[in-house]
Amino acid sequence: MSPNRTFVAAGTARLLMSRLRELMASEAEQQERLDRVVQLIATTMVADVCSIYVRSGDNSLLLMATEGLEREAVGRTRLAENEGLVGLIASSARPKRLKNAPSHPRFSYRPETGEDPYHGFLGVPILRGGRVLGVLVVQNRTERNYDDEEMESLQTIAMVLAEIVAIALDERIGLDLRALPPGEISGRSLNEGLGIGPVHLHDPVVSPARFFSQDPEAEGERLDAALAGLRQSIDTMLNRATPVLFGESRDVLETYRLFAHDPSWETRLHDAIQSGLSAEAAVDRTRREHRVRLENAKDAYLRERLHDFEDLENRLLRHLSGEGAADHKPLPGSILVASRLGPAELLEYRDCNLSGIVLEEGGAGSHAAIVARAIGVPAIGDAEGIVSRVEQGDEAIVDAITGMVFLRPTHDVVDTYNQRIIISGDERAEYAKLVDLPAVTKDGVKFELFLNAGLSFDLDHLEATGAEGVGLFRTEFQFLSSQTVPTLEEQAAFYEDAMARVGDRSMVFRTLDLGGDKVAPFMGGDREENPALGWRALRLALDKPYFFRRQLRALIRASKSRPLRLMFPMVCSVKEFIEARALVDAEIEWAKKFGRETPSKLEVGAMVETPSFAFSIDALKDKVDFLSVGTNDLMQFFFAADRENKLVSERYDLLSYPALSLMKHIVESANRAQIPISICGEAAGRPLEALVLACLGYRRLSMQGARLGPMKRMIRGMEFAKVSEKVNFLIDSQTTDLRKEILKIIQQSDLQV
């Protein structure tokens with residue numbers, strides 16, 4: 001298109017936006033507004049016809065307003081859900097332009113409208129909250145080719161119209177299109193619990209009041225300032241990450257930076273502003289376009305890049321509104337809904353008193369799930385399509401016990417869940433009475449119960465849980481929640497604060513477990529074929545000793561003269577453990593050489609998370625101070641089932657003869673080698689699995705805080721010798737439905753799990 005034609009199109013769009021702004025600010029009734037809107041569009045776009053069709057309760061499309069067609073057809077002409085060109089646009093949610101509409105096979109002629117003389121056709125969907133509310137159409141008598149700028153202008157107008165279309169229809173026929181019907185979405189429980197409350201969408205929401213701009217030049221300056229802030233934050237992130245980024249990881253983040261500096265993206269945003277949109281509305285329009293492409297993209301790499309663009313647009317909207325703007329904070333008791341969340345983003349909601357969290361992405365082992373557990377909020381992941389099926393303020397119920405989300409529930413469903421929440425509160429009061437009592441069975445078998453943690457505020461309620469200490473402190477969350485690499489001083493301060501909160505209780509720090517599904521913002525994200533089996537955890541640490549030694553130095557500095565217990569993740573061989581232990585010893589010698597304090601006692605352990613290491617325990621005698629079984633990773637490697645892949649993650653059961661044979665081998669090997677052993681995976685916090693593992697010989701269990709009460713109640717209510725004999729008999733019998741049979745034993749023993 002020539003520069004002159006572009007200027008004319010921009011001028012037309014600006015004129016349209018200016019007049020629409022005035023119209024929306026007027027005192028006119030909603031139907032009158034719609035009538036004036038179609039007149040305005042037809043005049044400004046030099047179209048013979050402009051019509052608005054809206055979706056009714058039966059999904060048919062009703063002619064709601066028109067300029068150019070017969071006025072008597074308004075409120076009478078109705079197209080079936082998929083009828084005609086209008087139905088095609090509504091069902092596909094995509095615009096359509098035709099030079100000669102009557103020749104199209106989907107053209108549907110309605111005599112009462114008098115549209116037979118019209119040929120040129122352009123129609124766009126009216127979208128609101130992921131729903132098609134209706135269709136906006138312009139037509140011409142001549143065979144006219146509508147260009148890209150005209151189509152984009154009409155799409156922008158449709159975006160603005162969504163709100164008044166919904167209100168007008170409610171006023172005219174009592175059908176509130178803003179209210180979606182009740183619905184259900186299934187996902188996976190990330191943190192058990194129940195919650196009821198209004199939906200708060202994490203992605204920035206652009207208010208209709210902020211669609212228009214009276215001063216394109218000022219809006220352009222706001223956009224430039226926000227883009228500069230966005231780019232500077234990304235450049236800082238990349239520069240601070242230089243010591244630990246290289247190869248493909250750096251390439252990925254460099255690509256992300258290139259997107260932020262993409263001139264075509266910037267040009268599209270400025271063009272939208274010149275058409276009369278505000279900076280926020282311009283960004284929102286491009287974000288909607290990327291979301292449509294994302295939903296239709298089948299290539300995994302393309303989807304990831306579109307995710308990058310959407311993330312950039314969300315960041316840019318926050319720069320425009322001001323980071324942490326008060327009007328974006330949820331009301332107390334809200335249900336937070338997002339496509340995906342990093343730990344830093346989720347931590348921003350820590351003090352918002354959320355009732356629940358629902359994510360389209362995120363498995364039970366993701367860092368978002370672990371943060372959700374840390375802040376004690378019921379959470380569900382893998383809830384596909386949740387973002388497009390809810391709107392801000394919709395009521396929702398999060399049942400993170402069964403993994404169900406109820407959208408806009410009926411009164412009966414709400415009443416049922418309110419009763420369940422009351423019962424849940426009574427159970428918590430019962431657990432509180434057990435806090436100061438020992439975890440000892442009726443026949444005197446003692447267990448040690450510890451807390452899994454990863455954030456400093458996890459430790460604030462350590463006493464209230466009744467835990468004997470911290471069996472696993474995940475150190476990677478300081479890295480996952482930071483846009484840049486934490487400095488030595490920042491790491492040391494964080495560890496020292498954690499130690500102070502724990503006091504004299506035992507505490508085990510797990511060294512960095514990055515990589516796989518835990519990619520820090522400054523790492524970019526390697527596109528490994530099998531990330532869970534790839535370059536992560538101790539492998540990464542040993543290959544990049546500078547990074548690893550800086551963490552070890554920070555831990556030693558923080559400990560001062562207190563005991564220090566360290567544990568290495570994902571060890572695959574005795575050789576790897578010895579190499580990592582040598583780096584710890586080297587840092588101790590460095591501290592002594594320069595007159596620094598060293599721990600009063602140093603113990604170094606390892607996670608048993610790989611089958612190869614599970615069969616190396618006998619060779620660890622006198623080399624390792626303690627072991628802890630990470631059942632999450634161990635089982636995914638044992639069954640060759642990625643725990644983040646919902647198609648296979650729940651396909652295999654720990655309570656099966658092969659898996660329990662491995663677990664029995666591990667504890668017996670540790671006992672022979674006289675190495676203390678515990679379990680710190682999710683199985684330690686699930687009463688049924690924990691009971692079976694206890695019967696195999698495990699006596700130390702580390703779990704999330706919410707599970708300590710139920711676990712202690714089960715232990716204190718058990719005649720262990722009797723239950724253990726029955727459970728071990730079942731395991732030895734190699735029954736194919738072990739879980740079902742163990743549940744029978746629990747019922748017969750009158751145990752509460």
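Looking only at the range 89-127, count how many residues are under 18 Å from ASP58 (Cα atoms) and not hydroxyl-bearing (Ser, Thr, Tyr).
Within the range 89-127, the subset under 18 Å from ASP58 (Cα atoms) is 89-93, 125-127.
Still in the list and also not hydroxyl-bearing (Ser, Thr, Tyr): 89-90, 93, 125-127.
The total comes to 6.
Applying the selection to the range 430-475, what residues are of a type in the set (D, E, K, R), over 27 Å from the mean Cα position of the chain (by Cα) and exposed (fewer than 14 other Cβ atoms within 10 Å of the Cβ)?
Here is the first cut: in the range 430-475, the residues of a type in the set (D, E, K, R) are 430, 433, 436, 442-443, 446, 448, 458, 460, 463, 468, 474.
Subsequent filtering for residues that are over 27 Å from the mean Cα position of the chain (by Cα) retains 430, 433, 436, 442-443, 446, 448, 463, 468.
Correct list: GLU430, LYS433, ASP436, LYS442, ASP443, LYS446, GLU463.
Hey, any hits in the range 672-679 for a residue that's farther than 30 Å from ALA432 by Cα and part of a helix (DSSP H, G or I)? Walk me through how you get there before you give the answer.
The initial filter retains those residues of the range 672-679 that are farther than 30 Å from ALA432 by Cα, namely 672-675.
Narrowing further to those that are part of a helix (DSSP H, G or I): 672.
For the range 672-679, residues farther than 30 Å from ALA432 by Cα and part of a helix (DSSP H, G or I): present.
Of all residues in the range 731-753, count the ones that are under 30 Å from VAL470 (Cα atoms) and either part of a loop (DSSP other than H, G, I, E, B) or touching a His at 6+ places or on another chain (Cβ under 9 Å) (or both).
Final tally of qualifying residues: 3.
Looking at the range 82-94, I want the residues that are in the same structural domain as LEU122 (by TED's automatic domain parsing) and have a partner that is part of a helix (DSSP H, G or I) and among the hydroxyl-bearing types (Ser, Thr, Tyr) with Cβ atoms under 9 Å, at least 6 apart or on another chain. Which pairs are those?
What qualifies is ASN82/SER91.
Taking the condition touching a residue at least 24 places away in the same chain (Cβ under 8 Å) and surrounded by fewer than 17 Cβ atoms within 10 Å (Cβ to Cβ), does ASP653 pass?
Details: touching a residue at least 24 places away in the same chain (Cβ under 8 Å): yes; surrounded by fewer than 17 Cβ atoms within 10 Å (Cβ to Cβ): yes.
Here the answer is yes, as ASP653 does meet what is asked.
Would you check which residues across the range 702-725 are at pLDDT below 90 and assigned to a loop (DSSP other than H, G, I, E, B) and list them?
Matches in the range 702-725: GLN704 only.
For ASN728, state whether it is assigned by TED's automatic domain parsing to the domain that holds CYS572, surrounded by fewer than 18 Cβ atoms within 10 Å (Cβ to Cβ) and either part of a helix (DSSP H, G or I) or modelled with pLDDT under 90 (or both).
no
For the range 515-547, name all the residues that are surrounded by fewer than 22 Cβ atoms within 10 Å (Cβ to Cβ), among the hydrophobic types (A, V, I, L, M, F, W, C) and modelled with pLDDT of 65 or more.
Correct list: ALA532, LEU533, TRP535, LEU540, LEU542, PHE547.
What residue, of LEU693, LEU730, LEU701, is without any contact (Cβ under 8 Å) to a residue 60 or more places away in the chain and closer than 29 Å to ASP625 by Cα? Before the answer, list the steps.
Values: LEU730 fails: closer than 29 Å to ASP625 by Cα; LEU701 fails: without any contact (Cβ under 8 Å) to a residue 60 or more places away in the chain.
Criteria check complete, one pass: LEU693.
Report those strands (runs of 3 or more DSSP E) wholly inside the range 54-138 carrying at least 1 residues which are within 22 Å of ASP148 (Cβ to Cβ).
On the way: elements: 61-67, 96-98, 120-128.
Qualifying strands (runs of 3 or more DSSP E): 96-98, 120-128.
Just checking, which of ALA383, ALA368 is modelled with pLDDT of 80 or more, aliphatic (A, V, I, L, M) and not in a strand (DSSP E or B)?
Values: ALA368 fails: modelled with pLDDT of 80 or more.
It is ALA383.
Only one of GLY84, GLY68 is under 44 Å from the mean Cα position of the chain (by Cα) and within 22 Å of LEU34 (Cβ to Cβ); which?
Details: GLY68 fails: under 44 Å from the mean Cα position of the chain (by Cα).
After applying the criteria, what remains is GLY84.
Scan the range 577-634 residue by residue and report those that are aromatic (Phe, Trp, Tyr) and within 22 Å of TYR698 (Cβ to Cβ). Break it down stepwise before answering.
Looking only at the range 577-634, we keep the residues that are aromatic (Phe, Trp, Tyr), and these are 577, 590, 594, 613, 615, 626.
Hits for the range 577-634 are PHE577, PHE613, PHE615, PHE626.
Would you point out which residue out of ARG699, ARG739 is surrounded by 14 or more Cβ atoms within 10 Å (Cβ to Cβ), under 38 Å from the mean Cα position of the chain (by Cα) and at pLDDT 95 or above?
ARG699
Where the second residue is among the basic types (Lys, Arg) and not in a loop (DSSP other than H, G, I, E, B) and the first is closer than 24 Å to ASP382 by Cβ and lies in the range 399-420, which pairs have Cβ atoms under 8 Å and are six or more apart or on separate chains?
If the second residue must be among the basic types (Lys, Arg) and not in a loop (DSSP other than H, G, I, E, B), the pairs left are GLY403/ARG188; LEU407/ARG389.
Mind listing whichever residues of the range 564-582 are more than 16 Å from SER616 (Cβ to Cβ) and either touching a Pro at 6+ places or on another chain (Cβ under 6 Å) or aromatic (Phe, Trp, Tyr) (or both)?
Within the range 564-582, just LEU564 meets the criteria.
If I filter the range 578-595 down to residues being acidic (Asp, Glu) and touching a residue at least 24 places away in the same chain (Cβ under 8 Å), which single residue comes out as surrounded by the fewest Cβ atoms within 10 Å (Cβ to Cβ)? Even if it seems obvious, please write down each step before you answer.
At the first step, the residues of the range 578-595 found to be acidic (Asp, Glu) are 579, 585, 587, 589.
Now drop any that are not touching a residue at least 24 places away in the same chain (Cβ under 8 Å), which leaves 579, 587.
Working: GLU579: 16, GLU587: 22.
This residue is GLU579.
Quickly run through the range 596-608 and pick out the residues that are surrounded by 16 or more Cβ atoms within 10 Å (Cβ to Cβ) and either out of contact with any Gly (no Cβ under 9 Å at 6 or more places or on another chain) or at pLDDT below 95 (or both). Show your work before the answer.
Applying the first criterion (surrounded by 16 or more Cβ atoms within 10 Å (Cβ to Cβ)) to the range 596-608 yields 598-599, 602-608.
Correct list: THR598, PRO599, LEU602, GLU603, VAL604, GLY605, ALA606.
The values are calculated or read from the model by the stated rules, or taken from the named source; none is laboratory data. Here the structure is a predicted model, which means the values were calculated and not measured. Quick reminder, even Gly has a Cβ in these numbers, built from the backbone with ideal geometry, and neighbours come from all protein chains shown.
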